[in-house]
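The block underneath contains the structure these notes are about, expressed in structure tokens.
None of the figures in this text is laboratory data; all of them are computed from the coordinates on show. Since the structure is predicted, the reported quantities are computational estimates derived from the model, not experimental observations. Glycine gets a Cβ as well: all are built from the backbone with ideal geometry, and neighbour counts include every protein chain shown.
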Amino acid sequence: MKLNPESETIEMLAKTILVAARTAPKAKGKDDIVTALLETEDVEVLASAMEEMADRKGEGFAFFKRDAQNVRNADAVLLIGFKTESVVGLNCGACGFESCKDMLQHSKVNVDFTGPHCSFKYIDMGIALGSAAARGKDLCVDNRVMYSVGAGALSAGLLDADIACGMPLSIKGKNMFFDRK
């Protein structure tokens, strides 16, 4: 008899959740989404980078340290973001510029993330994150989308993306992402 074998399924479940992100609808069908499943050795690199960011950013960013502990305690950590220089080409102004050409000519800033980008790329990422979170829920895998995890991953050089969010996963008896302090 094998007791509590469910923990052995986390990698397969994590990859299934990433399938939902990959196959989520994208504006004009252009897929600029980047996904990753952290290896065990990357978890401490990420958590340490998040703690360093909390110290560097100062007041108001203590939640990075709390989230770093969630990363350490997670059964798996997913990263979902995008990397692109493309635009949808609608000249809609949602990015804050009059035309796509104006936005593309604007110099990029690089703080936690790099931008500006076409607003539809952010929408695509949001849909991918929502699809992944929903798939996790469907599979009974506790998860939480976290800005801090994505910012930490980019800071640590774990993902080549312009923007990312992280999604720690847990298959424990209690949802570790619910009662966080």
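From the residues N91, T114, L169, which one has its Cα farthest along the dipole of the stretch 40-181 in the positive direction, the dipole being from +1 and -1 charges on Cβ of Lys/Arg and Asp/Glu about the Cα centre? Towards the positive end, the residue furthest out is L169. Segment V111..K137, full-extension length gain: 6.2 nm, with 0.36 nm per residue of separation and the alpha-carbon distance subtracted. Using a ≥ b ≥ c from the Cα gyration tensor of the stretch 5-170 (square roots of the eigenvalues), is it rounded, prolate or oblate, where a/c under 1.5 gives rounded and otherwise the larger of a/b and b/c decides, a/b for prolate? In terms of gyration-tensor shape, oblate.
The amide H of A76, built 1.01 Å from its N in the peptide plane, has L169 as neighbours under 5 Å, considering only residues 5 or more places off or on other chains.
May I ask you to compute the full-extension gain from F63 to Y147, defined as 0.36 nm times their residue separation minus their alpha-carbon distance, rounded to one decimal in nm?
Gain on stretching F63 to Y147: 29.2 nm.
Placing unit charges on each Cβ (+1 for Lys and Arg, -1 for Asp and Glu) gives the chain a dipole about its Cα centre, and among A21, Y147, V43 the Cα reaching farthest toward its positive end belongs to A21.
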